[in-house]
1. Can you tell which of THR19, THR164, THR87 shows the greatest fluctuation in a Gaussian network model of the chain with Cα springs below 10 Å?
2. Report the one residue of ASN93, PHE152, LEU138 whose Cα lies farthest in the direction of the positive end of the charge dipole of the stretch 89-172 (charges on C-beta: Lys and Arg +1, Asp and Glu -1; origin at the Cα centre).
3. Given a Förster radius of 41 Å and the C-beta distance between GLU66 and PHE235 as r, what FRET efficiency does 1/(1 + (r/R0)^6) yield to the nearest 0.05?
4. FRET efficiency for ILE75 and GLN97, Cβ-Cβ distance as r, R0 = 25 Å, nearest 0.05?
5. In a GNM of the chain with a 10 Å cut-off on Cα contacts, which of PRO41, PRO76, PRO228 has the highest mean-square fluctuation?
6. Would you check the stretch 23-169 for Lys pairs whose C-alpha atoms are within less than 18 Å, ignoring same-chain pairs closer than 8 in sequence, and give me the count?
7. Could you list the square roots of 5 times each eigenvalue of the Cα gyration tensor of the stretch 82-123, that is, the equivalent ellipsoid semi-axes, sorted largest first and rounded to whole Å?
8. Efficiency by 1/(1 + (r/R0)^6): what FRET value for THR190 and LYS247, r their Cβ-Cβ distance, R0 = 35 Å, to the nearest 0.05?
Amino acid sequence: MATVISVTNQKGGVGKTTTAVNLAYYLAKSGKKTLLIDFDPQGNATSGLGVNKQDLQLTMADVAMESATLDRIVIPTKYNNFFIAPTMPVLANTEVQLAQAERRFSRLKNAIDASTAGYDVIIVDCPPSLSLLTVNGLVAAKYVLLPVQAEFYALEGLGQLLETMKLVRKGMNPVLELLGVLPTMMDTRTTLCSQVHEEIKKHFPGKVFSNVIPRNIRLAEAPSHGLPIGAYDRFSKGARAYKAFTKEVISRASI
């Protein structure tokens, strides 16, 4: 069975998709057969890997509505061992349709369970909200990975997400676990960043990854070229940070 990791934070702009894409890339590079599921209607993980959305016949919206299997919509990326289940903004409409549907919380889990592709790891890029799609991501996952931006409002709203995790664990997915908290957009030169980092460690004792992601212009540029940071500039600070962070994930999740 694949190890499923859902990357989530209800706050947007915290490096969630950047983390999902680059973690998946480096996992694949380390020899793990990896699937990245773009479950965010914005579809940034899809376009960030250079996929032309206009060419897509089937997407995660079809999987959520059970009109296509996960294996049928998956496409290979240009990198060994790395596959993507793409999405388009129509997934937002699907969520409205799902609201009254049967098994609405377990559509993603059922799709993953039915896959016969034999992935080692599946990374789910969840939307930046506590939506039905995010709950699907939590129900399907073994681990939750929480990217948190090193800024003043970083911890606001996280209580609600942790409460949702608790409810999911209680009612639908007893094995769900917080894999860890990843501080992103760190600028170690500022006192504020260091203070927020300490605050995050206080809130999540023993759960904060030792590798943090720096604020790095190359990381910001890579998606506009449709490339993960390791393919865009593998010697950049951002690439080195994600590579080291991926090793930590492999060790923590025993992948």
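Here, each number is a calculation from the coordinates, and none is a lab measurement. In this text, all values refer to a predicted model and were calculated from it rather than measured experimentally. All Cβ positions, glycine included, derive from the backbone under ideal geometry; neighbour counts span all protein chains shown.
1. Sorting by GNM fluctuation, first place goes to THR164.
2. Value: LEU138.
3. 0.40
4. Once the sixth-power term is evaluated, E becomes 0.55.
5. Looking only at PRO41, PRO76, PRO228, the largest GNM fluctuation is found for PRO76.
6. Lysine pairs satisfying the spacing and distance rule in the stretch 23-169 number 9.
7. Working: eigenvalues 102, 43, 8 Å².
Value: 23, 15, 6 Å, ordered largest first.
8. Working: r = 27 Å, r/R0 = 0.77.
Plugging the Cβ-Cβ distance into 1/(1 + (r/R0)^6) gives 0.85.
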